[in-house]
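The values are calculated or read from the model by the stated rules, or taken from the named source; none is laboratory data. This is a predicted model, so every value here is computed, not measured. Note that we place each Cβ from the backbone using ideal geometry, even for glycine, and neighbour counts take in every protein chain shown. In case anyone asks, the SASA skips ligands and DNA or RNA and just uses the protein heavy atoms, side chains included. Shrake-Rupley method; radii C 1.70, N 1.55, O 1.52, S 1.80 Å.
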Amino acid sequence: MFLSTLVLSALSLFPLVLGQSSSGHGRYTSSVPFTDAALGDGIQSIVSTLNNGPNRTHVLSKPIYGVNLGTWLVFEPWMSPGEWESMGGQVCDDCSTCRASEWSLATYLGQEKTNEVFTQHWETWFTQTEVDEMVRLQLNTVRIPLGFWIVEGIVDRSHEPYAQGGLQQLIRGLEMLKAANIAVILDHHALPGVATPLQMFAGNCTTIVEFYTDYNYQRAITWAAVMTYLSHVHPAFSTVFAIEAVNEPIMDFTQTPDYGRYQTDFVVAVRAVEIALGIVCDTSVLTNTTLWQDPIVTQGLEAAVPIIIELTLELGLELPLLESFLPPFNFGGLSSLLNGRAAECLATNFMNRDWQYSNDPSDPVANPADAAKGPQVYDNHLYFCYGGVAPEATADSYLETICTIQRTQQSAAIGDAPMFYGEWSLCTNFDSNNTFLQQWSDSQKLIYGQSAGWIFWSLKMANDSTSAPIQWSYIDAVAAGVMTEDPAAFFNPDICAPYTS
């Protein structure tokens, strides 16, 4: 109990310093007598460390050439329908009407069988073979879509029967990626309560969207705190450089109540855990006490404490060193726990502001740049095949649109930089041949290269998918000759000249 109190005191440091009470529904409370003098000493100590010590901000030092690990830890049945059916799932046009999501399949199978079939999938979908392919193709970054259920302590088993054991699989994958020196973005792809309706990637394909509530925001904060802790402490996580808060929230901002508030809370939660580990990249997190007054943050961090303790024991990390959390806030006392990233802050990551829109002048879209405390990067997704981007479904319209698009510049103008294109593909909504797909890959790479880089969706997909593998699978696209083996190369580097001259 004493050790637990120390951990809670550190993770929820400033709410307790300010005299805020426990939320009342956690197992841990604090009786440590924090004082203003101790707080002042702590701030002075950490400012000195920031100015003179090892703490520093992660920077994107080279262009991102990456892929998503689609359908690995968040299964999207359209990408591997045969395997999905062999697991007991179904394939249908409307994924809400059959077993076409992880939630619906797990509900049907029950926990034991769910664990069995998903473990088999996890162990075979992503192996050393895939990592070797990434190395051969000179890719330097991977974005890993994750479900909230990978942090099992936030799952409500009464109605969320998702597969167990995913964290161990993530660690297995991260160990291989670390050995290959491939940088990693941990993407919170499937949020608690469902963040986007009628999508397989949401974990539950349903019209009922409940993420945008205090309860599920708090669970997402707990998720972020746990993943931040592991990213700094577990050796396998040492090439993780960013954690993405939400994948593709609903585009209509008016349907995402308090999402701007959640953006701020997410950043504060990540930085709070880093402060507890002796890492500070923005001293305003220490001095702006209003940041610590939102119960979503305080309750989310409090709920993370027992989960962190349990995982620390389960994963064989150095729990006894957590006693360094004693006042007067020796923030650097846990530096020996760090996994080798030299006390760099993680980059917080959001879809850029222009992912959303608002037709209500009284409720403008929140800019995640306003929430930034320390390093932050921005994500944009662009798929032409769903319509609404190019004026016409023709090759020339696609090329003219992509070659003149200004998304990178517009994002930078509102402070959402550096930005990368975290999802894109070669899909089209017209019949296209390989000659055009070469042009299509060149033009997208050229334009996305104006940003911090690009991450293709996806590394691989099954050959029995109803969507053309060479348009969605990086491995298949290179093998078919519609993408260059060198991600920095082009078939025609002047592909956009006719549209920009």
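So the values come out like this:
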item	result
Criterion violated by residue 412 - all others in (1) of a type outside the set (Val, Ile, Thr); (2) within 23 Å of the chain's Cα centre (by Cα); (3) open to solvent by less than 10 Å² (accessible area, probe 1.4 Å) satisfied	(3)
Output for segment 233-268, where each listed residue is part of a helix (DSSP H, G or I) and either of a type in the set (A, V, I, L, M) or under 15 Å from the mean Cα position of the chain (by Cα) (or both)	233, 236, 237, 262, 263, 266, 267, 268
Members of segment 374-407 that are in contact with a strand residue (DSSP E or B) (Cβ under 8 Å, 6 or more places away or on another chain), open to solvent by 20 Å² or more (accessible area, probe 1.4 Å) and not small (Gly, Ala, Ser)	383, 407
Cβ-Cβ under 6 Å pairs, at least 6 apart or on other chains, segment 88-116 side open to solvent by 30 Å² or more (accessible area, probe 1.4 Å), far side charged (D, E, K, R)	90/99; 108/99
Residue that is modelled with the highest pLDDT, among those in segment 338-366 that are assigned to a loop (DSSP other than H, G, I, E, B) and within 19 Å of residue 452 (Cα to Cα)	352
Conditions (1) of a type outside the set (A, V, I, L, M); (2) open to solvent by 50 Å² or more (accessible area, probe 1.4 Å); (3) in contact with a Cys (Cβ under 9 Å, 6 or more places away or on another chain); (4) free of Cβ contacts under 8 Å to residues at least 60 places away in the same chain: number failed by residue 132	(3)
Scan of segment 472-501 for residues that are within 23 Å of residue 397 (Cβ to Cβ) and crowded, with 22+ Cβ neighbours inside 10 Å, ordered by number	472, 477, 482, 483, 495
Pairs where the first residue, in segment 401-414, is part of a loop (DSSP other than H, G, I, E, B) and the second is open to solvent by 60 Å² or more (accessible area, probe 1.4 Å), C-beta under 7 Å, 6+ apart	414/353
Residue check, residue 137 touching a strand residue (DSSP E or B) at 6+ places or on another chain (Cβ under 7 Å), farther than 30 Å from residue 209 by Cα, surrounded by 16 or more Cβ atoms within 10 Å (Cβ to Cβ) and in contact (Cβ under 8 Å) with a residue 24 or more places away in the chain	no
Residue satisfying condition, being at pLDDT below 95 and part of a loop (DSSP other than H, G, I, E, B), within set 458, 467	467
Residue among 256, 239 that alone is within 20 Å of residue 354 (Cβ to Cβ), in contact (Cβ under 8 Å) with a residue 60 or more places away in the chain and β-branched (Val, Ile, Thr)	256
Within segment 269-305, tally of residues that are open to solvent by 20 Å² or more (accessible area, probe 1.4 Å), aliphatic (A, V, I, L, M) and under 21 Å from the mean Cα position of the chain (by Cα)	1
